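In what follows, a structure is listed as C-alpha coordinates, so that the remarks can point back to it.
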Amino acid sequence: MSNTKFSKEHEWITLDGEVGTIGITKHATEMLGDIVFAELPEKGSNVEKDGTAGVVESTKAASDVYTPVSGEVVEINQSIVDDPSKINADPEGGAWFFKLKLKDKSELDTLMNKDEYDKFAKETSA
Amino acid sequence: MNVKKTALYELHKKHKAKFVEFAGYSMPIQYSEGIVKEHNITRNKSGIFDVSHMGQLFIKYSDDITDKLQEILPTDLKNLKINQSKYSFLMKENGGIYDDLIITRMKDQYMIILNAACKQNDLQIIKNKLNNQNLDMNNDLSLIAIQGPDSKIILEYVVSNVSKLKFMNGGNFSFANNEIFITRSGYTGEDGFEISLPNKVAISFVEELILKGSTLIGLGARDTLRLEAGLCLYGHDINENTSPVEANLKWAISKNRINDNFTGSQKIKKQIEEGVSKLRVGIKPETRVIARESTKIFDEKDNEIGKVTSGTFGPSVNASIAMGYISNSHSKTDTKIFLEVRGKKVPANVCDLPFYKKSYVKGEANV
(Lines give C-alpha, C1' and ligand atoms only; values in the text may rest on other atoms or scores of the structure.)
Protein backbone atom coordinates (compact mmCIF):
# COMPACT_ATOMS: atom_id res chain seq x y z
CA MET A 1 0.00 0.00 0.00
CA SER A 2 2.86 2.34 -0.80
CA ASN A 3 0.66 4.78 -2.72
CA THR A 4 -2.01 4.64 -0.05
CA LYS A 5 -2.76 7.76 1.96
CA PHE A 6 -4.45 8.08 5.31
CA SER A 7 -6.72 10.61 7.03
CA LYS A 8 -6.93 11.64 10.66
CA GLU A 9 -10.43 10.13 10.68
CA HIS A 10 -8.84 6.73 10.02
CA GLU A 11 -9.78 6.32 6.36
CA TRP A 12 -7.39 5.11 3.71
CA ILE A 13 -7.39 5.93 -0.03
CA THR A 14 -5.49 4.26 -2.86
CA LEU A 15 -5.37 6.05 -6.19
CA ASP A 16 -5.59 4.25 -9.51
CA GLY A 17 -5.64 6.77 -12.34
CA GLU A 18 -8.54 9.14 -11.66
CA VAL A 19 -10.28 6.81 -9.24
CA GLY A 20 -9.56 6.45 -5.52
CA THR A 21 -10.63 3.44 -3.47
CA ILE A 22 -11.56 4.33 0.11
CA GLY A 23 -11.94 2.26 3.24
CA ILE A 24 -11.34 2.43 6.97
CA THR A 25 -8.06 1.40 8.56
CA LYS A 26 -7.33 -1.73 10.55
CA HIS A 27 -6.60 0.52 13.50
CA ALA A 28 -10.11 1.98 13.18
CA THR A 29 -11.72 -1.45 13.16
CA GLU A 30 -9.74 -2.43 16.24
CA MET A 31 -11.04 0.63 18.06
CA LEU A 32 -14.62 0.05 16.91
CA GLY A 33 -14.83 -3.64 17.71
CA ASP A 34 -17.15 -5.98 15.84
CA ILE A 35 -18.84 -4.08 13.04
CA VAL A 36 -22.44 -5.18 12.55
CA PHE A 37 -23.81 -2.50 10.23
CA ALA A 38 -22.50 -0.44 7.34
CA GLU A 39 -24.14 2.29 5.29
CA LEU A 40 -22.50 3.63 2.14
CA PRO A 41 -23.01 6.74 0.00
CA GLU A 42 -25.20 6.41 -3.09
CA LYS A 43 -23.55 5.64 -6.37
CA GLY A 44 -23.52 8.78 -8.48
CA SER A 45 -23.62 11.12 -5.50
CA ASN A 46 -21.00 13.76 -4.88
CA VAL A 47 -19.12 13.89 -1.60
CA GLU A 48 -17.02 16.68 -0.18
CA LYS A 49 -13.64 16.22 1.50
CA ASP A 50 -14.08 15.51 5.24
CA GLY A 51 -17.84 15.20 4.81
CA THR A 52 -19.89 12.24 6.01
CA ALA A 53 -19.96 9.45 3.44
CA GLY A 54 -21.30 6.54 5.43
CA VAL A 55 -21.83 4.99 8.81
CA VAL A 56 -20.49 1.95 10.57
CA GLU A 57 -21.95 0.54 13.73
CA SER A 58 -20.37 -1.84 16.16
CA THR A 59 -22.35 -3.63 18.84
CA LYS A 60 -21.40 -0.68 21.04
CA ALA A 61 -21.86 2.50 19.00
CA ALA A 62 -22.36 4.20 15.65
CA SER A 63 -19.53 6.06 13.92
CA ASP A 64 -19.57 8.23 10.83
CA VAL A 65 -17.31 7.42 7.93
CA TYR A 66 -15.79 10.49 6.27
CA THR A 67 -14.37 10.84 2.83
CA PRO A 68 -10.73 11.97 2.81
CA VAL A 69 -11.15 13.69 -0.58
CA SER A 70 -13.94 15.14 -2.74
CA GLY A 71 -15.42 13.46 -5.76
CA GLU A 72 -18.19 11.47 -7.38
CA VAL A 73 -19.05 8.02 -6.03
CA VAL A 74 -18.55 5.64 -8.96
CA GLU A 75 -18.79 2.32 -7.15
CA ILE A 76 -19.80 1.00 -3.75
CA ASN A 77 -18.92 -2.27 -2.07
CA GLN A 78 -22.31 -3.88 -1.46
CA SER A 79 -20.68 -6.99 0.02
CA ILE A 80 -19.75 -5.14 3.24
CA VAL A 81 -23.36 -3.96 3.61
CA ASP A 82 -24.57 -7.54 3.25
CA ASP A 83 -21.92 -8.88 5.61
CA PRO A 84 -20.37 -6.12 7.73
CA SER A 85 -18.11 -8.60 9.57
CA LYS A 86 -15.93 -8.51 6.43
CA ILE A 87 -14.82 -5.04 7.50
CA ASN A 88 -13.15 -6.45 10.61
CA ALA A 89 -11.68 -9.34 8.66
CA ASP A 90 -10.06 -7.42 5.80
CA PRO A 91 -10.40 -3.66 6.31
CA GLU A 92 -7.49 -2.56 4.14
CA GLY A 93 -8.19 -5.03 1.33
CA GLY A 94 -11.43 -6.64 0.17
CA ALA A 95 -13.60 -4.62 2.55
CA TRP A 96 -13.14 -1.26 0.82
CA PHE A 97 -16.15 1.06 1.14
CA PHE A 98 -16.50 3.08 -2.08
CA LYS A 99 -14.65 4.37 -5.11
CA LEU A 100 -14.49 8.04 -6.02
CA LYS A 101 -13.68 9.87 -9.21
CA LEU A 102 -11.51 12.53 -7.67
CA LYS A 103 -12.44 16.17 -8.08
CA ASP A 104 -9.04 17.56 -7.12
CA LYS A 105 -6.03 15.30 -6.80
CA SER A 106 -4.12 17.92 -4.82
CA GLU A 107 -6.40 17.13 -1.87
CA LEU A 108 -4.35 13.97 -1.48
CA ASP A 109 -1.39 16.10 -0.42
CA THR A 110 -3.18 16.97 2.82
CA LEU A 111 -3.21 13.30 3.85
CA MET A 112 -0.64 11.21 5.69
CA ASN A 113 1.57 8.46 4.34
CA LYS A 114 1.71 5.08 6.06
CA ASP A 115 4.52 5.91 8.48
CA GLU A 116 2.94 9.20 9.45
CA TYR A 117 -0.43 7.53 9.96
CA ASP A 118 0.98 4.67 12.05
CA LYS A 119 2.66 7.22 14.28
CA PHE A 120 -0.55 9.29 14.48
CA ALA A 121 -2.64 6.22 15.31
CA LYS A 122 -0.24 5.16 18.03
CA GLU A 123 -0.16 8.61 19.60
CA THR A 124 -3.92 9.20 19.51
CA SER A 125 -4.83 5.83 20.95
CA ALA A 126 -2.26 6.00 23.77
CA MET B 1 -13.81 9.48 42.99
CA ASN B 2 -11.56 6.46 42.75
CA VAL B 3 -12.62 3.85 40.26
CA LYS B 4 -13.20 0.57 42.07
CA LYS B 5 -11.86 -2.77 40.96
CA THR B 6 -13.26 -6.22 41.53
CA ALA B 7 -11.20 -9.08 42.93
CA LEU B 8 -10.86 -10.40 39.38
CA TYR B 9 -9.30 -7.23 37.96
CA GLU B 10 -5.80 -8.67 37.53
CA LEU B 11 -7.21 -11.77 35.87
CA HIS B 12 -9.18 -9.61 33.43
CA LYS B 13 -5.97 -7.76 32.61
CA LYS B 14 -4.13 -11.01 32.09
CA HIS B 15 -6.82 -12.00 29.59
CA LYS B 16 -6.39 -8.71 27.70
CA ALA B 17 -9.65 -7.11 28.74
CA LYS B 18 -10.64 -3.70 27.45
CA PHE B 19 -12.00 -1.85 30.44
CA VAL B 20 -14.83 0.66 30.79
CA GLU B 21 -16.04 2.47 33.82
CA PHE B 22 -19.41 1.12 34.82
CA ALA B 23 -21.21 2.28 37.96
CA GLY B 24 -17.92 3.39 39.50
CA TYR B 25 -16.12 0.14 38.69
CA SER B 26 -13.51 -0.58 36.09
CA MET B 27 -15.13 -3.52 34.29
CA PRO B 28 -14.18 -5.56 31.22
CA ILE B 29 -16.31 -4.56 28.22
CA GLN B 30 -14.66 -7.25 26.10
CA TYR B 31 -11.57 -9.43 25.86
CA SER B 32 -9.41 -10.12 22.82
CA GLU B 33 -12.10 -12.29 21.17
CA GLY B 34 -14.50 -9.38 20.74
CA ILE B 35 -18.17 -9.00 21.56
CA VAL B 36 -19.71 -11.13 18.79
CA LYS B 37 -17.40 -14.10 19.39
CA GLU B 38 -17.90 -13.82 23.14
CA HIS B 39 -21.65 -13.74 22.60
CA ASN B 40 -21.51 -16.89 20.47
CA ILE B 41 -19.22 -18.70 22.91
CA THR B 42 -21.82 -18.14 25.63
CA ARG B 43 -24.70 -19.32 23.43
CA ASN B 44 -22.86 -22.39 22.12
CA LYS B 45 -20.50 -23.37 24.94
CA SER B 46 -19.93 -21.55 28.19
CA GLY B 47 -18.99 -18.05 29.33
CA ILE B 48 -17.86 -16.59 32.65
CA PHE B 49 -19.03 -13.14 33.73
CA ASP B 50 -17.60 -11.10 36.56
CA VAL B 51 -20.63 -9.43 38.12
CA SER B 52 -18.91 -8.64 41.42
CA HIS B 53 -19.82 -4.98 41.02
CA MET B 54 -23.38 -5.93 41.87
CA GLY B 55 -24.48 -5.59 45.48
CA GLN B 56 -24.82 -8.65 47.68
CA LEU B 57 -27.04 -7.70 50.55
CA PHE B 58 -27.71 -10.15 53.36
CA ILE B 59 -30.61 -9.69 55.72
CA LYS B 60 -31.20 -11.82 58.78
CA TYR B 61 -34.32 -13.92 58.41
CA SER B 62 -37.33 -13.49 60.69
CA ASP B 63 -41.09 -13.27 60.23
CA ASP B 64 -40.95 -9.60 61.12
CA ILE B 65 -38.25 -8.93 58.49
CA THR B 66 -40.30 -10.84 55.92
CA ASP B 67 -43.30 -8.59 56.64
CA LYS B 68 -41.17 -5.46 56.33
CA LEU B 69 -39.57 -6.58 53.08
CA GLN B 70 -42.99 -7.37 51.66
CA GLU B 71 -43.84 -3.70 52.22
CA ILE B 72 -41.23 -2.68 49.63
CA LEU B 73 -41.13 -5.74 47.33
CA PRO B 74 -44.23 -6.99 45.45
CA THR B 75 -43.18 -10.60 45.93
CA ASP B 76 -44.74 -13.32 48.07
CA LEU B 77 -41.84 -13.93 50.43
CA LYS B 78 -43.89 -15.91 52.92
CA ASN B 79 -44.15 -18.83 50.54
CA LEU B 80 -40.58 -18.55 49.35
CA LYS B 81 -38.92 -21.86 50.16
CA ILE B 82 -35.44 -22.16 51.57
CA ASN B 83 -32.94 -21.85 48.68
CA GLN B 84 -35.56 -20.50 46.29
CA SER B 85 -34.95 -17.29 44.32
CA LYS B 86 -37.38 -14.76 42.86
CA TYR B 87 -36.99 -11.82 40.51
CA SER B 88 -38.44 -8.74 42.19
CA PHE B 89 -38.41 -4.94 42.36
CA LEU B 90 -37.60 -2.39 44.97
CA MET B 91 -40.71 -0.32 44.51
CA LYS B 92 -41.14 3.44 44.47
CA GLU B 93 -44.22 5.24 45.76
CA ASN B 94 -45.33 6.25 42.25
CA GLY B 95 -45.30 2.61 41.13
CA GLY B 96 -41.86 3.07 39.55
CA ILE B 97 -38.87 0.85 40.14
CA TYR B 98 -35.88 1.85 42.29
CA ASP B 99 -34.12 -1.32 41.22
CA ASP B 100 -34.77 -4.80 39.91
CA LEU B 101 -33.24 -7.58 41.97
CA ILE B 102 -33.06 -11.26 42.78
CA ILE B 103 -34.02 -12.25 46.28
CA THR B 104 -33.11 -15.67 47.62
CA ARG B 105 -34.31 -17.16 50.87
CA MET B 106 -31.31 -18.82 52.46
CA LYS B 107 -31.50 -20.83 55.67
CA ASP B 108 -31.08 -18.01 58.16
CA GLN B 109 -31.08 -15.01 55.89
CA TYR B 110 -32.22 -13.39 52.67
CA MET B 111 -29.70 -12.64 49.98
CA ILE B 112 -30.58 -9.80 47.63
CA ILE B 113 -28.55 -9.15 44.48
CA LEU B 114 -28.73 -5.48 43.49
CA ASN B 115 -27.60 -3.52 40.45
CA ALA B 116 -24.23 -1.85 40.89
CA ALA B 117 -25.45 1.62 39.99
CA CYS B 118 -28.37 1.41 42.41
CA LYS B 119 -26.96 -0.50 45.35
CA GLN B 120 -26.10 2.42 47.64
CA ASN B 121 -29.50 4.00 47.19
CA ASP B 122 -31.19 0.62 47.60
CA LEU B 123 -29.26 0.00 50.80
CA GLN B 124 -30.45 3.32 52.21
CA ILE B 125 -34.08 2.52 51.41
CA ILE B 126 -33.90 -0.97 52.88
CA LYS B 127 -31.95 0.29 55.91
CA ASN B 128 -34.67 2.82 56.62
CA LYS B 129 -37.31 0.14 56.33
CA LEU B 130 -35.47 -2.17 58.73
CA ASN B 131 -34.38 0.57 61.15
CA ASN B 132 -30.78 -0.01 60.14
CA GLN B 133 -30.70 -3.46 61.73
CA ASN B 134 -30.03 -7.01 60.67
CA LEU B 135 -28.53 -6.20 57.31
CA ASP B 136 -25.08 -6.37 55.77
CA MET B 137 -23.83 -5.36 52.34
CA ASN B 138 -21.01 -7.81 51.99
CA ASN B 139 -17.99 -6.40 50.17
CA ASP B 140 -15.78 -9.41 50.82
CA LEU B 141 -17.67 -11.49 48.30
CA SER B 142 -17.35 -11.76 44.55
CA LEU B 143 -20.18 -12.73 42.24
CA ILE B 144 -19.43 -14.85 39.18
CA ALA B 145 -21.93 -16.01 36.58
CA ILE B 146 -21.29 -18.97 34.32
CA GLN B 147 -23.73 -19.19 31.44
CA GLY B 148 -24.34 -21.34 28.38
CA PRO B 149 -25.10 -24.97 27.59
CA ASP B 150 -21.74 -26.45 28.68
CA SER B 151 -21.67 -24.52 31.95
CA LYS B 152 -23.40 -27.25 33.92
CA ILE B 153 -20.74 -29.83 33.08
CA ILE B 154 -17.87 -27.38 33.52
CA LEU B 155 -19.07 -26.15 36.91
CA GLU B 156 -19.78 -29.71 38.01
CA TYR B 157 -16.05 -30.48 37.54
CA VAL B 158 -15.21 -27.73 39.99
CA VAL B 159 -18.18 -28.03 42.36
CA SER B 160 -19.69 -31.50 42.76
CA ASN B 161 -23.47 -31.94 42.67
CA VAL B 162 -24.12 -28.42 41.46
CA SER B 163 -26.01 -29.67 38.39
CA LYS B 164 -28.75 -30.99 40.66
CA LEU B 165 -29.90 -27.44 41.35
CA LYS B 166 -33.19 -26.48 39.79
CA PHE B 167 -33.72 -23.22 37.92
CA MET B 168 -34.11 -20.27 40.33
CA ASN B 169 -32.92 -22.39 43.24
CA GLY B 170 -29.67 -22.26 45.15
CA GLY B 171 -27.61 -24.08 47.70
CA ASN B 172 -24.46 -24.12 49.80
CA PHE B 173 -21.38 -25.71 48.29
CA SER B 174 -17.69 -25.56 48.96
CA PHE B 175 -14.60 -24.58 47.01
CA ALA B 176 -11.05 -24.86 48.38
CA ASN B 177 -12.45 -25.23 51.90
CA ASN B 178 -14.53 -22.09 51.56
CA GLU B 179 -18.28 -22.05 51.76
CA ILE B 180 -19.84 -20.68 48.60
CA PHE B 181 -23.45 -20.15 47.57
CA ILE B 182 -24.64 -21.03 44.09
CA THR B 183 -27.97 -20.38 42.38
CA ARG B 184 -29.10 -21.71 39.03
CA SER B 185 -29.86 -18.43 37.36
CA GLY B 186 -28.47 -15.77 35.09
CA TYR B 187 -29.26 -12.99 32.71
CA THR B 188 -28.38 -14.28 29.27
CA GLY B 189 -31.30 -16.52 28.31
CA GLU B 190 -29.05 -19.54 28.79
CA ASP B 191 -28.89 -22.21 31.43
CA GLY B 192 -26.35 -21.16 34.00
CA PHE B 193 -25.31 -20.46 37.55
CA GLU B 194 -24.36 -17.54 39.73
CA ILE B 195 -21.73 -18.11 42.36
CA SER B 196 -21.20 -15.97 45.44
CA LEU B 197 -17.78 -16.65 46.93
CA PRO B 198 -15.04 -14.99 49.00
CA ASN B 199 -12.87 -12.49 47.10
CA LYS B 200 -9.72 -14.34 48.14
CA VAL B 201 -10.64 -17.44 46.12
CA ALA B 202 -12.33 -15.65 43.19
CA ILE B 203 -9.33 -15.76 40.85
CA SER B 204 -8.47 -19.41 41.52
CA PHE B 205 -12.13 -20.36 41.08
CA VAL B 206 -12.42 -18.62 37.72
CA GLU B 207 -9.08 -20.03 36.60
CA GLU B 208 -10.45 -23.51 37.32
CA LEU B 209 -13.50 -22.80 35.19
CA ILE B 210 -11.30 -21.56 32.35
CA LEU B 211 -9.14 -24.67 32.66
CA LYS B 212 -12.25 -26.82 32.32
CA GLY B 213 -13.28 -25.06 29.12
CA SER B 214 -15.18 -21.88 29.93
CA THR B 215 -14.18 -18.41 28.69
CA LEU B 216 -14.23 -14.94 30.22
CA ILE B 217 -16.93 -12.76 28.65
CA GLY B 218 -17.23 -8.97 28.93
CA LEU B 219 -20.13 -6.65 29.60
CA GLY B 220 -20.52 -5.95 25.88
CA ALA B 221 -21.65 -9.50 25.15
CA ARG B 222 -23.62 -9.58 28.37
CA ASP B 223 -25.68 -6.72 26.90
CA THR B 224 -26.32 -8.39 23.52
CA LEU B 225 -27.16 -11.66 25.29
CA ARG B 226 -29.63 -10.13 27.72
CA LEU B 227 -31.27 -8.05 25.02
CA GLU B 228 -31.76 -11.08 22.77
CA ALA B 229 -33.31 -12.77 25.79
CA GLY B 230 -35.68 -9.82 26.18
CA LEU B 231 -34.36 -8.97 29.64
CA CYS B 232 -34.41 -5.42 31.01
CA LEU B 233 -31.36 -3.35 31.84
CA TYR B 234 -32.04 -1.08 34.80
CA GLY B 235 -31.56 2.61 34.04
CA HIS B 236 -32.49 1.99 30.42
CA ASP B 237 -35.49 -0.32 30.00
CA ILE B 238 -36.82 0.24 33.49
CA ASN B 239 -36.32 3.08 35.95
CA GLU B 240 -38.02 5.14 38.65
CA ASN B 241 -40.70 6.26 36.20
CA THR B 242 -41.66 2.93 34.70
CA SER B 243 -43.86 0.53 36.62
CA PRO B 244 -43.56 -3.24 36.43
CA VAL B 245 -46.91 -3.26 34.61
CA GLU B 246 -45.73 -0.79 31.97
CA ALA B 247 -42.50 -2.74 31.69
CA ASN B 248 -44.52 -5.86 30.87
CA LEU B 249 -43.09 -7.49 33.99
CA LYS B 250 -46.41 -8.02 35.72
CA TRP B 251 -45.55 -11.73 35.99
CA ALA B 252 -42.94 -10.84 38.60
CA ILE B 253 -45.61 -9.43 40.93
CA SER B 254 -46.88 -12.37 42.98
CA LYS B 255 -50.58 -12.97 42.31
CA ASN B 256 -51.47 -13.02 45.98
CA ARG B 257 -49.75 -9.66 46.46
CA ILE B 258 -51.66 -7.70 43.81
CA ASN B 259 -54.37 -6.72 46.27
CA ASP B 260 -51.91 -6.41 49.12
CA ASN B 261 -50.21 -3.27 50.38
CA PHE B 262 -46.69 -2.48 49.27
CA THR B 263 -44.95 0.67 48.12
CA GLY B 264 -46.67 1.80 44.93
CA SER B 265 -49.35 -0.90 45.16
CA GLN B 266 -52.25 1.48 44.57
CA LYS B 267 -50.78 2.57 41.27
CA ILE B 268 -50.01 -1.01 40.27
CA LYS B 269 -53.52 -2.17 41.11
CA LYS B 270 -55.00 0.70 39.14
CA GLN B 271 -52.81 -0.05 36.13
CA ILE B 272 -53.73 -3.72 36.19
CA GLU B 273 -57.44 -2.89 36.37
CA GLU B 274 -57.55 0.05 33.97
CA GLY B 275 -54.63 -0.66 31.70
CA VAL B 276 -51.55 1.41 30.96
CA SER B 277 -50.89 4.11 28.39
CA LYS B 278 -47.44 2.82 27.42
CA LEU B 279 -45.98 -0.64 27.33
CA ARG B 280 -42.52 -2.15 26.87
CA VAL B 281 -42.37 -4.19 23.67
CA GLY B 282 -39.86 -5.92 21.45
CA ILE B 283 -39.00 -4.14 18.20
CA LYS B 284 -37.54 -5.65 15.05
CA PRO B 285 -36.31 -3.18 12.42
CA GLU B 286 -36.81 -4.44 8.86
CA THR B 287 -33.22 -3.62 7.95
CA ARG B 288 -29.91 -4.07 9.75
CA VAL B 289 -30.02 -0.46 11.00
CA ILE B 290 -29.52 -0.33 14.74
CA ALA B 291 -31.99 1.74 16.71
CA ARG B 292 -30.12 2.85 19.81
CA GLU B 293 -31.53 4.10 23.10
CA SER B 294 -33.69 7.26 22.71
CA THR B 295 -34.55 6.56 19.06
CA LYS B 296 -38.02 8.02 18.45
CA ILE B 297 -40.81 5.69 17.37
CA PHE B 298 -43.57 6.80 14.96
CA ASP B 299 -46.80 5.26 13.70
CA GLU B 300 -47.79 5.05 10.04
CA LYS B 301 -49.33 8.52 10.24
CA ASP B 302 -46.06 9.99 11.52
CA ASN B 303 -47.28 10.51 15.08
CA GLU B 304 -44.61 10.00 17.70
CA ILE B 305 -45.71 7.03 19.78
CA GLY B 306 -42.70 6.05 21.84
CA LYS B 307 -38.96 5.68 22.36
CA VAL B 308 -36.41 2.92 22.16
CA THR B 309 -34.75 2.06 25.48
CA SER B 310 -32.20 -0.54 24.27
CA GLY B 311 -31.07 -1.45 20.80
CA THR B 312 -28.25 -3.47 19.35
CA PHE B 313 -27.37 -6.12 16.83
CA GLY B 314 -28.28 -9.62 17.99
CA PRO B 315 -25.60 -12.05 16.80
CA SER B 316 -27.70 -15.18 17.46
CA VAL B 317 -30.71 -13.86 15.56
CA ASN B 318 -28.48 -12.14 12.98
CA ALA B 319 -30.65 -9.04 13.04
CA SER B 320 -31.03 -5.62 14.54
CA ILE B 321 -33.14 -5.82 17.71
CA ALA B 322 -34.54 -3.29 20.15
CA MET B 323 -36.90 -2.77 23.05
CA GLY B 324 -38.83 0.32 23.90
CA TYR B 325 -41.97 1.88 25.27
CA ILE B 326 -44.80 2.42 22.88
CA SER B 327 -48.33 3.76 23.32
CA ASN B 328 -50.56 0.89 24.34
CA SER B 329 -52.72 1.30 21.24
CA HIS B 330 -49.72 0.37 19.07
CA SER B 331 -48.26 -2.33 21.27
CA LYS B 332 -49.81 -5.34 19.56
CA THR B 333 -47.44 -7.84 17.98
CA ASP B 334 -46.78 -7.18 14.26
CA THR B 335 -47.87 -3.54 14.43
CA LYS B 336 -45.94 -1.62 11.81
CA ILE B 337 -43.90 1.24 13.25
CA PHE B 338 -41.11 3.54 12.13
CA LEU B 339 -37.85 4.35 13.87
CA GLU B 340 -36.09 7.65 13.27
CA VAL B 341 -32.41 6.88 12.79
CA ARG B 342 -30.09 9.60 11.51
CA GLY B 343 -33.03 11.54 10.10
CA LYS B 344 -34.53 8.62 8.18
CA LYS B 345 -37.63 6.63 9.08
CA VAL B 346 -36.76 2.96 9.24
CA PRO B 347 -39.69 0.51 9.05
CA ALA B 348 -39.95 -1.92 11.96
CA ASN B 349 -42.44 -4.22 13.63
CA VAL B 350 -43.55 -4.74 17.18
CA CYS B 351 -42.61 -8.29 18.12
CA ASP B 352 -42.86 -10.77 20.94
CA LEU B 353 -40.04 -11.08 23.43
CA PRO B 354 -37.62 -12.76 23.72
CA PHE B 355 -35.89 -12.47 20.37
CA TYR B 356 -33.94 -15.59 21.18
CA LYS B 357 -35.41 -18.45 23.12
CA LYS B 358 -33.85 -21.46 24.70
CA SER B 359 -35.63 -23.28 27.46
CA TYR B 360 -34.09 -23.18 30.89
CA VAL B 361 -33.14 -26.53 32.32
CA LYS B 362 -35.36 -27.63 35.15
CA GLY B 363 -33.18 -29.60 37.50
CA GLU B 364 -30.97 -32.44 36.48
CA ALA B 365 -31.58 -33.42 32.89
CA ASN B 366 -29.49 -34.96 30.15
CA VAL B 367 -26.18 -34.65 32.00
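The values are calculated or read from the model by the stated rules, or taken from the named source; none is laboratory data. Predicted model only: the values in this text are computed from it and were never measured. So basically every Cβ, Gly included, is an ideal-geometry build from the backbone, and we count neighbours across all protein chains shown. Accessible surface is based on the protein model in full, side chains and every heavy atom, while ligands, DNA and RNA are left aside. Shrake-Rupley method; radii C 1.70, N 1.55, O 1.52, S 1.80 Å.
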Using eta = 1.002 mPa s and T = 20 °C, Stokes-Einstein with Kirkwood Rh from Cα pairs puts D for the stretch B:1-75, in µm² s⁻¹, at 141
Kindly provide the helix-only [θ] at 222 nm of chain B, computed as the sum of -39,500 (n - 2.57) over DSSP H runs of four or more divided by all residues, to the nearest 500 deg cm²/dmol? -6000 deg cm²/dmol
Label B:LYS301 and B:SER327 with points 7 Å out from Cα along Cα→Cβ: what is the distance between them in nm? 0.8
What's the longest piece of chain B with no exposed trypsin sites (Lys or Arg not before Pro), counting a site as exposed if DSSP puts it in a loop and it has at most 10 other beta carbons within 10 Å? B:108-300
In chain B the accessible area split gives carbon plus sulfur, as whole percent at 1.4 Å, a share of 45
The stretch A:71-94 to the stretch B:136-161: how many Å between their Cα centroids? 42
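How big is the stretch A:11-126 by the Kirkwood estimate over distinct Cα pairs, in Å?
Averaging 1/r across every pair of different Cα atoms and inverting gives 14.3 Å.
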Specify which residue in the list A:ASN3, B:THR188, A:LEU32 is farthest towards the positive end of the charge dipole of the protein assembly as shown, using unit charges on the beta carbon of Lys, Arg (+1) and Asp, Glu (-1), about the Cα centre. B:THR188
Based on the Cβ-Cβ distance of A:GLU72 and B:LYS344, what FRET efficiency does E = 1/(1 + (r/R0)^6) give at R0 = 30 Å, to the nearest 0.05? 0.85
Label-point separation in nm, B:ASN121 to B:GLN133, each point 7 Å along Cα→Cβ: 2.8
Find the centroid of the Cα atoms in the stretch A:1-50 and in the stretch B:260-334, then give the distance between the two in whole Å. 36
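Rounded, prolate or oblate: pick one for the stretch B:201-320, where a ≥ b ≥ c are the square roots of the eigenvalues of its C-alpha gyration tensor, a/c under 1.5 means rounded, and failing that, prolate if a/b is larger than b/c, else oblate.
Since a/c reaches 1.5 but b/c is at least a/b, the shape of the stretch B:201-320 is classed as oblate.
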With a 1.4 Å probe and all protein chains left in place, how much accessible area per residue does the stretch B:1-96 have, in Å²? 43
Taking the Cα centre of the stretch B:211-286 as origin, sum charge times position over the Cβ atoms of Lys and Arg (+1) and Asp and Glu (-1), and report the length of that vector in debye to the nearest 20. 240
For B:GLU240 and B:ILE272, FRET efficiency with R0 = 22 Å and r from the beta-carbon atoms, rounded to 0.05? 0.65
Restricting to the stretch B:118-249, what percent of DSSP beta bridges are antiparallel, rounded to 5? 90
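Just to make sure I understand: if all protein chains stay in place, what is the order of A:TRP96, B:TRP251 by accessible area at 1.4 Å, largest first?
The most accessible residue leads, giving B:TRP251, A:TRP96.
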Intensity falloff of the protein assembly as shown expressed as log10 I(q)/I(0), Debye formula with alpha-carbon point scatterers, at q = 0.08 Å⁻¹: -0.56
Residue (of B:THR312, B:VAL350, B:ILE283) at the positive-pole extreme of the stretch B:277-351, dipole from beta-carbon charges: B:THR312
Theoretical FRET efficiency, 1/(1+(r/R0)^6), r = Cβ-Cβ of B:TRP251 and A:LYS122, R0 56 Å, to 0.05: 0.60
Suppose each label sits 7 Å from its Cα in the direction of the beta carbon; what would the B:GLN84-B:ASP334 distance come out to in nanometres? 3.8
Length gain on complete extension for the stretch B:LYS5 to B:ASN161, per 0.36 nm per residue less the alpha carbon to alpha carbon distance? 53.0 nm
Quick note, chain B: a/c under 1.5 would make it rounded; otherwise a/b > b/c is prolate and the rest oblate (a ≥ b ≥ c, C-alpha gyration tensor); here it is oblate
Considering just Cα atoms, how many Å³ per residue does the convex hull of the stretch B:124-276 enclose? 154
Using only the Cα atoms of the stretch B:277-351, each taken as one equal point scatterer with no solvent, compute I(q) by the Debye sum, divide by I(0), and report log10 of the ratio at q = 0.13 Å⁻¹. -0.29
Measuring from its Cα centre, chain A shows a charge dipole (+1 at each Lys and Arg Cβ, -1 at each Asp and Glu Cβ) which, in debye to the nearest 20, is 160
Under a Cβ-only charge scheme (Lys and Arg +1, Asp and Glu -1), can you give me the dipole magnitude of chain B about the Cα centre, in debye to the nearest 20? 440
Please compute the length gained on full extension between B:ILE210 and B:ASN172, using 0.36 nm multiplied by the number of residues separating them and subtracting their Cα-Cα distance. 11.5 nm
Cβ-based charge dipole, the protein assembly as shown, positive-most Cα from B:GLN109, B:ASN177, A:ALA121: B:GLN109
